[in-house]
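Only one structure is covered here, and it is reproduced in the block below.
The values are calculated or read from the model by the stated rules, or taken from the named source; none is laboratory data. The model shown is predicted, which means the values in this text are computed figures rather than measured ones. All Cβ positions, glycine included, derive from the backbone under ideal geometry; neighbour counts span all protein chains shown.
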Amino acid sequence: MPLPEAAALARRTPVDRLGGDDSGLRRSLGLWQLTMISVGATLGTGIFVVLGEAVPKAGPAVVVSFVLAGFTALFSALSYAELAGAIPVAGSSYTYACATLGELVAWVCGWCLILEYGVSVAAVAVGWGQYVNEFLDGTLGVTLPAALSAPPGDGGVVNVAALAVVLLALAFLLGGARESARANTVMVCVKIAALLLFCGIGVTGFRSANFADFAPYGVSGISAAAGTLFFSYIGFDAASTAGEEARDARRDLPRAIILSLGLVTALYVLVAVVAVGARPWRGFAGSQASLAGITRDLTGQDVWPVLLSLGAVVAIASVVLTVLYGQTRILFAMSRDGLVPRVFSRVHAASGTPRACTLLVAAFCGLLAAVVPLGQLADATSIGTLFAFGLVNVAVVVLRRIRPGMRRTFRVPLSPLLPAVGLGLCLWLMTNLSPVTWLVFDCWMILGLVVYFGYGVRHSRLATATPPEKK
């Protein structure tokens, strides 16, 4: 098969042709629901799951790692806010790249988003099983056997608990976007209450001596932990995937993105300070349900850890729900452009959702959750996220140049300086991820290029007609 010309790979989708009200998706989400989608997709993973893996890398300076990861996310969040207000359609950064950087780069971005969203669903689901065991142990005195609550390589055979939460999220999503958003809002309120409960208990055992050896591994440890913890910020862009289901997308999407990131960062830092103050940092090694363990150590009772574990079960289920939602909308956009099979963009008439896409994505994520260990999943998600966020920072600058007069409800201040800083921070954090993570990423990119040149480039909607873009 002959390779396409370079001009074909660089073809852009005119902004006026992106999305459209004839997509079949229903506009039913307001500012509050959009904000809760982003908070639901973000809040919980870093604190409830990945904290136990990040603290041994940075020591007490994990607090700085959270700030650094959040600061990196802020620059990208500003870029997302501008693009979401200017191009309010489904697809998130994949769609933004289509309009600015060309089809090949957009495909690479979308392929990274598949890694980011799909694998993060599986990673969070793995951590969910840990808190289910905490809850069952505290209430019934039983736990799931290791063979059914851990993947191969972590002492198990198949992680049934992780698979179960993916199927639970699937059931909500098949009901429709509005119904899923309502369920998510309830879950978000529960998770915030659980974190505040932990802070109230944890502060009673706070010891400043735990911060004495603040950065035992120096800057390299802080940056390594920040690279891992960036996994816990991936959800702030989830609202941007709902561009065609928001009632007033241009106004509400930028607000939802900034509001959600600010709320999540504040809670992450607060809980990290209390957690490290309540337990020496070396005691976090090997713990994926560390907050519940700290609460039990401080109170000597089971009731409070049980309540916290219940909050974590609900919190992580919310993350699975909203991130799975985002994944389906990204594939919906890619399918509508012809880059992946049309089955992913078929909308069910009764529910107004891409039902076939939702079923296929849930099956893929459930399989990953059942058989792949958490740590490998979290780092693989981080590198895909950082790559996609870097492209969004570039896309803001490019769109300012090619469409300077188009309507924008939010503008990144000091552009192109702040987008350039955001890009640089994303690249820096990527360099601190492990060689194994880079190997996985490289293999994923090679596979993506094979799929694109084997299928996408020949079925692209732009291959048939590319009218001149308005200036």
Go over the candidates L253, L259 one by one and state the one that is touching a strand residue (DSSP E or B) at 6+ places or on another chain (Cβ under 9 Å) and closer than 19 Å to F410 by Cβ. L253
How many residues are buried (at least 20 other Cβ atoms within 10 Å of the Cβ), under 30 Å from A212 (Cα atoms) and either in contact with a Phe, Trp or Tyr (Cβ under 7 Å, 6 or more places away or on another chain) or free of Cβ contacts under 8 Å to residues at least 12 places away in the same chain (or both) if we restrict to region 297-322? 3
Just name the residue that is surrounded by the most Cβ atoms within 10 Å (Cβ to Cβ) out of those in region 125-145 that are at pLDDT 75 or above and hydrophobic (A, V, I, L, M, F, W, C). A125
So which residues in region 213-229 are among the small types (G, A, S) and either buried (at least 24 other Cβ atoms within 10 Å of the Cβ) or touching an Asp or Glu at 6+ places or on another chain (Cβ under 6 Å) (or both), if there are any at all? A225, A226, G227
Taking into account only those residues within region 230-263 that are in contact with a Leu (Cβ under 8 Å, 6 or more places away or on another chain) and under 19 Å from A123 (Cα atoms), which is surrounded by the fewest Cβ atoms within 10 Å (Cβ to Cβ)? Y233
Select, from F410, F441, the only residue that is aromatic (F, W, Y), in a helix (DSSP H, G or I) and on the phi < 0 side of the Ramachandran plot. F441
Only residues in region 406-420 that are over 10 Å from S79 (Cβ atoms) count as the first member; pair them with residues that are polar (S, T, N, Q) and at pLDDT 90 or above, Cβ under 8 angstrom, at least 6 apart or cross-chain, and list the lot. A420/N393
For region 234-252, enumerate the residues that are assigned to a helix (DSSP H, G or I), of a type outside the set (K, R) and more than 19 Å from T328 (Cα to Cα). D252
I'd like the full set of residues that are in contact with a Leu (Cβ under 8 Å, 6 or more places away or on another chain), of a type in the set (G, A, S) and not in a helix (DSSP H, G or I), limited to region 347-365. S351, G352
Answer residue from region 33-57, given it is over 22 Å from R178 (Cβ atoms) and of a type in the set (A, V, I, L, M, F, W, C) and is modelled with the highest pLDDT among those: V55
Restricting to region 431-451, and then to whatever is of a type in the set (A, V, I, L, M) and at pLDDT below 85, can you tell me which residue is nearest to I114 (Cα to Cα)? V440
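Conditions tested, residue by residue: (1) under 25 Å from D237 (Cα atoms); (2) in contact with a helix residue (DSSP H, G or I) (Cβ under 6 Å, 6 or more places away or on another chain).
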residue	(1), (2)
I114	yes, no
A123	yes, yes
G129	no, yes
L136	no, no
G141	no, no
P145	no, no
G155	no, yes
I'd like to know if region 371-379 contains one or more residues that are within 26 Å of L78 (Cα to Cα) and either touching a helix residue (DSSP H, G or I) at 6+ places or on another chain (Cβ under 6 Å) or among the aliphatic types (A, V, I, L, M) (or both). yes
Within region 381-421, considering residues that are closer than 15 Å to C109 by Cα, of a type in the set (G, A, S) and out of contact with any Pro (no Cβ under 9 Å at 6 or more places or on another chain), the one modelled with the lowest pLDDT: S382
Have a look at V62, V89 and point out the one that is crowded, with 24+ Cβ neighbours inside 10 Å, more than 24 Å from H459 (Cα to Cα), in contact (Cβ under 8 Å) with a residue 60 or more places away in the chain and among the hydrophobic types (A, V, I, L, M, F, W, C). V62
Tell me, please, whether a residue that is part of a helix (DSSP H, G or I) and either modelled with pLDDT of 90 or more or among the β-branched types (V, I, T) (or both) can be found in region 458-471. no
Could you grab me the full set of residues in region 46-88 that are aromatic (F, W, Y) and over 30 Å from R401 (Cβ atoms)? F48, F66
For S120: the one exception among (1) under 20 Å from the mean Cα position of the chain (by Cα); (2) closer than 16 Å to V396 by Cβ; (3) crowded, with 22+ Cβ neighbours inside 10 Å: (2)
In region 184-212, anything exposed (fewer than 14 other Cβ atoms within 10 Å of the Cβ) and assigned to a loop (DSSP other than H, G, I, E, B) is listed as R207, A212
Within region 347-366, which residues are within 19 Å of V89 (Cα to Cα) and either under 18 Å from the mean Cα position of the chain (by Cα) or of a type in the set (V, I, T) (or both)? V347, T353, T358
Could you go through region 335-346 and let me know if any residue there is within 16 Å of the chain's Cα centre (by Cα) and either outside any helix (DSSP H, G or I) or of a type in the set (G, A, S) (or both). no
Report every pair of residues separated by at least 6 positions or lying on different chains whose Cβ atoms are under 6 Å apart, first residue within region 213-236 and at pLDDT 85 or above and of a type in the set (V, I, T), second surrounded by 24 or more Cβ atoms within 10 Å (Cβ to Cβ) and part of a helix (DSSP H, G or I). I222/A58; I222/A61; I222/S65
